[in-house]
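Notes for the one structure printed next.
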Amino acid sequence: MTKNTIKNIAELNLSVLLISSAAVLVRYIPLDPILLSFLRGAIAFVLLGTFIFYKKTSFKISNNKDRRRLFLSSIFFALHWVTYFYALQVSSVAIGILSLFTFPVITTFIEPIYFNTKFNKRHLILAVIVLIGLYIMAPEIEFSNNSTKGILAGVLSAIFFSLRNITMKSNSDKYDSSLLMFYQFLFIAIVFLPFLFINNTVEMTSYIPSILCFGIFTTAIGHTLFVNSLKNFNVSTASIIASSQPVYGILMGMLFLNEIPNTNTIIGGAIILSTVFIESLTADTDN
């Protein structure tokens, strides 16, 4: 293994580690999910805007179709953040992040409908496996139960995340990823700005260092590093490494929040993550 390969792998893992820290920070910062989304988006928007301006990259989105597509994907992205943050706050790092990681299988169902392509029967088997994993994580389906609320919100967030990625796909081939993320963060900052005046922001001052870490390292730097590192790997390899995100997140939850997942969560989560590995390893054979 060459030094360059080791550097690329380390860079990709660092990006996943930074992104994974979001779950712990959301659990640690006791702010409303919408307010938290605004702060994260506003900080990342300023940083990325400065970065794009420094690079002298054009801010232009060339046609109305691309703008509409970007607008729609930004709506899904905003909904994904709010539901994911809610899932984390009402349950735990493990339940929130593992529920979100149903999105690869959810995507395999939505993508053929959106792009009018053939559905792969293998994905139906993977969906059943995911449902088994979710059932093991929450064997008692009670809507008053926080674990159930967290799983339902996490799966809803996964649906929004899948829709965001699918609607973003066509634009990703045309525009720099940092530009697209800039506009998505801008959308979130604008849409959620009114909640800055509605919510009680007194507690916010006590968590400024954590909020800055959330916006700078977890969001702007983490996602930019991840996108940049993708050029060094094929999609399957990057997906497999990225699927370590729940592991990093759960370990950080144990270390910093003393959240020890129970046996059901570990078994159910392992089953869900197995579908990510299976789909990543077999994706290239479908092309």
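Derivation of every value follows stated rules applied to the coordinates shown; laboratory data play no part. Keep in mind that this is a model prediction, so the values were computed, not measured. In this analysis, Cβ positions are derived from the backbone assuming ideal geometry, glycine residues included, and neighbour counts consider all displayed protein chains.
Of note:
- Only the Cβ atoms of Lys and Arg (+1) and of Asp and Glu (-1) were treated as charged; on that basis the dipole of the chain about its Cα centre amounts to roughly 940 debye.
- DSSP-assigned coil residues among chymotrypsin sites (Phe, Trp or Tyr not before Pro) in the stretch 32-97, each with at most 14 further Cβ atoms within 10 Å: PHE59
- Based on Cα contacts under 8 Å between residues 6+ apart, the chain shows a relative contact order of 40 percent.
- FRET efficiency estimate (nearest 0.05) - Cβ-Cβ, VAL191 to THR263, R0 51 angstrom: 0.80
- Applying the criteria of a DSSP loop state and at most 12 other Cβ atoms within 10 Å to the trypsin sites (Lys or Arg not before Pro) of the stretch 14-123 yields LYS56, LYS60, LYS118, LYS121.
- Centre-to-centre separation between the Cα atoms of the stretch 73-97 and those of the stretch 154-216: 11 Å.
- Taking every DSSP helix (H) stretch of at least 4 residues in the chain, weighting each as -39,500 (n - 2.57) and dividing the sum by the residue count yields a mean residue ellipticity at 222 nm of -25000 deg cm²/dmol.
- Take the Cβ atoms of ASP173 and ILE198, set R0 to 25 Å, and the FRET efficiency comes out at 0.05.
- Two-site label geometry, ALA270 and ARG68: point separation in nm, points 7 Å out along Cα→Cβ: 4.8
- Between LEU251 and PHE53, the modelled labels are 3.8 nm apart [label points 7 Å from Cα along Cα→Cβ].
- Axial C-alpha extent at least 24 Å, average Kyte-Doolittle at least -0.5 - helices from the chain (DSSP): 3-28, 33-55, 64-90, 146-172, 263-283
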